[in-house]
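K.L.:
Pasting a structure below so you can have a look.
The values are calculated or read from the model by the stated rules, or taken from the named source; none is laboratory data. No experiment lies behind these values; they were computed from the predicted model shown. Every residue, glycine as well, gets a Cβ built from its backbone with ideal geometry; the counts of neighbours run over all protein chains shown. When the accessible area is computed, the model is the full protein with side chains, heavy atoms only, and any ligands, DNA or RNA have been set aside. Shrake-Rupley method; radii C 1.70, N 1.55, O 1.52, S 1.80 Å.
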Amino acid sequence: MTSTQALPSVNNTFGKTVKPISVPKRHLFGPGPSNANPLVLEALALQPVGHLDPYYIDLMAEVQDLLRYSWQTTNRLTLPMSGTGSAAMEATLANIVEPGDTVLVGIKGYFGNRLFDMAGRYKANVQTIKTDWGKAFSLEQIEKALKEHNPSVFALVHAETSTGVCQPMEGIGELCRKYNCLLILDTVTSLGGVPLFIDEWKVDLAYSCSQKGLSCPPGLGPFTMNERAENKLKSRASQVPNWYLDVSLLNKYWGSDRVYHHTAPVNMNFGMREALRLLLDEGLENSWKRHKDNAEALWDGLENLGLQLHVERRLRLPTLTTVRIPNGIDGKAFATHLLNNHGIEIGGGLGDLGGKVWRIGLMGYNSKIENVELLLDIFKSELPKF
Ligand SMILES: *Cc1c(COP(=O)(O)O)cnc(C)c1O
């Protein structure tokens with residue numbers, strides 16, 4: 001006998017027709033996402049395979065090796081977190097912070113504030129060291145704060161996307177060893193585009209994202225931790241308070257056991273594999289040089305147009321440039337005009353720099369001289385209208 005339970009009637013009046021998707025063509029010259037490499041998009045469009053398929057297991061190992069290359073590390077625990085850069089950011093703190101641990105956060109922009117917020121949620125005693133949005137920390141400032149607060153973790157942003165500053169890294173890792181603390185480095189806007197040496201710089205944990213320097217859409221957050229960090233994880237008195245991001249569980253899938261944890265976003269990893277293969281093909285140093293050369297062409301061109309850049313040249317980040325909005329110009333209206341009439345996205349300022357700067361990203365696939373020329377032409381022709 002079939003069940004005679006009556007189902008409620010479906011409300012089929014949707015109210016409007018929904019057409020098949022059609023995405024407008026955009027030049028993504030903001031703080032991310034940036035345009036993806038078409039070869040990466042082809043990889044994303046392939047049929048998925050099972051997340052325990054031998055083919056996929058091999059691909060996972062390739063992704064891990066390619067990430068190690070991109071970061072210049074031999075860290076065993078190197079894997080892409082399922083989620084965006086913020087998920088990988090959270091993974092660094094979730095795995096090594098125990099309640100009451102002192103975490104020192106370097107705040108010189110928006111993403112330092114995010115680290116501060118997250119560390120507090122893991123019940124750390126969070127201390128901060130701050131500098132102006134547009135400046136970097138000096139070694140002296142950092143050493144003073146390490147002495148004063150005696151933290152077990154120091155978290156720092158390498159490439160501050162909100163300000164366009166690249167933090168010089170010389171000596172910071174050594175200081176963290178001297179004061180016996182772990183160094184977390186946010187490399188979200190540096191991976192692939194800016195020189196980065198995780199092992200050489202004695203960085204203990206780092207994270208990034210797929211959609212900025214790697215020419216892949218958003219969806220994965222590369223993560224790495226070394227043995228020092230692993231030892232802190234192993235000596236925890238309490239469980240990692242976040243099941244999804246617990247590296248000891250994740251490593252049973254990414255490591256040798258291949259035990260199901262969560263269903264891997266298989267296609268995102270196809271895309272990541274291709275993005276990283278393309279980076280390997282180009283060569284890290286060539287990619288860094290391409291980003292630098294194109295950024296310099298952009299900086300010179302903008303200055304020739306009479307615009308002022310927010311960061312002194314020595315500290316400028318090749319992947320993201322902050323341009324001061326000239327007095328009397330409505331920066332938001334200009335950005336909206338570029339998007340609506342020219343399909344060009346640039347970013348506005350965040351936090352302390354809200355309304356004060358535009359943020360122009362030339363990351364990964366987008367870092368090319370044609371794009372520099374396009375941007376300079378559009379500033380030249382459109383800005384006088386504002
Ligand atoms: C974009 C960004 C993040 C966050 O990454 P999402 O992918 O947006 O979650 C973190 N740190 C920095 C420096 C960023 O630029």
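K.L.:
Quick one: putting +1 on the C-beta of Lys and Arg, -1 on the C-beta of Asp and Glu, what dipole do you get for the chain around its Cα centre, in Debye to the nearest 20?
P.N.:
In total the dipole reaches around 760 debye.
K.L.:
Return the ratio Rg/(2.2 N^0.38 Å) for the range 276-383, where Rg is computed over Cα atoms only.
P.N.:
1.09
K.L.:
On to the next question. Looking at the range 150-241, which trypsin sites (Lys or Arg not before Pro) are DSSP coil and have at most 16 other C-beta atoms within 10 Å of their C-beta?
P.N.:
Answer in residue order: Arg236.
K.L.:
Whole-Hz ³J(HN,Hα) for each residue in the range 30-47, computed from phi via Karplus 6.51 cos²θ - 1.76 cosθ + 1.60 with θ = phi - 60°, x for glycine and proline: what do you get?
P.N.:
Karplus values, whole Hz, x for Gly and Pro: x, x, x, x, 9, 4, 8, 5, x, 5, 5, 5, 4, 5, 5, 8, 6, 5.
K.L.:
May I pose another question? Could you check the spin-label model distance between Thr13 and Glu382? Points 7 Å from the Cα along Cα→Cβ, value in nm.
P.N.:
4.2 nm
K.L.:
To continue, here is another question. Between the range 194-249 and the range 1-62, how far is it from one alpha carbon centroid to the other, in angstrom?
P.N.:
So the separation of the two Cα centres works out to 27 Å.
K.L.:
Now for a different question. Can you pull the Kirkwood radius for the chain, inverse mean 1/r over Cα pairs, to one decimal in Å?
P.N.:
Hydrodynamic radius (Kirkwood, Cα only) of the chain equals 22.1 Å.
K.L.:
Continuing with this model, one more query. What is the range 58-153 by shape, rounded, prolate or oblate, if you read a ≥ b ≥ c off the alpha carbon gyration tensor as root eigenvalues and call it rounded for a/c under 1.5, prolate for a/b larger than b/c, and oblate otherwise?
P.N.:
Prolate shape, in that a/c is at least 1.5 and a/b is the bigger ratio.
K.L.:
Of Gly343, Leu317, Ala295, whose Cα points farthest to the positive end of the dipole of the chain (charges on the beta-carbon: +1 Lys, Arg; -1 Asp, Glu; origin at the Cα centre)?
P.N.:
Gly343
K.L.:
Using a 1.4 Å probe and counting only protein heavy atoms, arrange Thr102, Thr187 so the residue with the most accessible area comes first.
P.N.:
Thr102, Thr187
K.L.:
Continuing with this model, one more query. Kindly write out, for the range 241-257 in residue order, the coupling ³J(HN,Hα) from the Karplus curve 6.51 cos²θ - 1.76 cosθ + 1.60 (θ = phi - 60°), rounded to whole Hz, with x marking Gly and Pro.
P.N.:
3J(HN,Hα) across the range 241-257, in whole Hz: x, 9, 5, 5, 9, 5, 5, 5, 6, 4, 5, 6, 8, 7, x, 7, 6.
K.L.:
So which aspartates and glutamates can Lys385 reach, going by Cα to Cα under 12 Å and dropping same-chain residues fewer than 8 places off?
P.N.:
Cα-Cα hits under 12 Å: Asp330.
K.L.:
Below 8 Å, C-alpha to C-alpha, sequence gap of six or more: please give me the relative contact order for the chain in percent.
P.N.:
24 percent
K.L.:
While we're on this one: When DSSP beta bridges are limited to those with both residues in the chain, what percentage is antiparallel, rounded to the nearest 5?
P.N.:
So the antiparallel bridges amount to about 50 percent of the total.
K.L.:
List the chymotrypsin sites (Phe, Trp or Tyr not before Pro) within the range 120-214 that DSSP assigns to loop and that have no more than 16 neighbouring Cβ atoms inside 10 Å.
P.N.:
In loop regions of the range 120-214 (DSSP not H, G, I, E or B), the sparsely surrounded chymotrypsin sites (Phe, Trp or Tyr not before Pro) are Phe197.
K.L.:
Something else now. Using the structure shown, select from Lys135/Lys202; Lys292/Lys356; Lys25/Lys135; Lys123/Lys289 the pairs with a Cα to Cα distance greater than 32 angstrom.
P.N.:
The answer is Lys25/Lys135; Lys123/Lys289.
K.L.:
Would you kindly derive the ³J(HN,Hα) couplings of the range 150-156 from the backbone phi angles with the Karplus curve 6.51 cos²θ - 1.76 cosθ + 1.60 (θ = phi - 60°), listing them in order in whole Hz, with x for Gly and Pro?
P.N.:
6, x, 8, 9, 10, 10, 9
K.L.:
Once amide H atoms are built 1.01 Å from N in the peptide plane, which residues 5 or more positions from Val126, or in another chain, come under 5 Å H to H?
P.N.:
Val103
K.L.:
What are the chymotrypsin sites (Phe, Trp or Tyr not before Pro) within the range 4-102 that DSSP puts in a loop, where the Cβ has at most 16 other Cβ atoms within 10 Å?
P.N.:
Answer by residue number: Phe14.
K.L.:
Please return the longest range in the chain lying between exposed loop sites, taking GluC sites (Glu not before Pro), DSSP loop only, at most 12 other beta-carbon atoms within 10 Å, and leaving the sites out.
P.N.:
Within the chain, the longest run free of exposed GluC sites (Glu not before Pro) spans 1-169.
K.L.:
Can you give the accessible area per residue of the range 38-280, in Å², using a 1.4 Å probe?
P.N.:
Value for the range 38-280: 38 Å² per residue.
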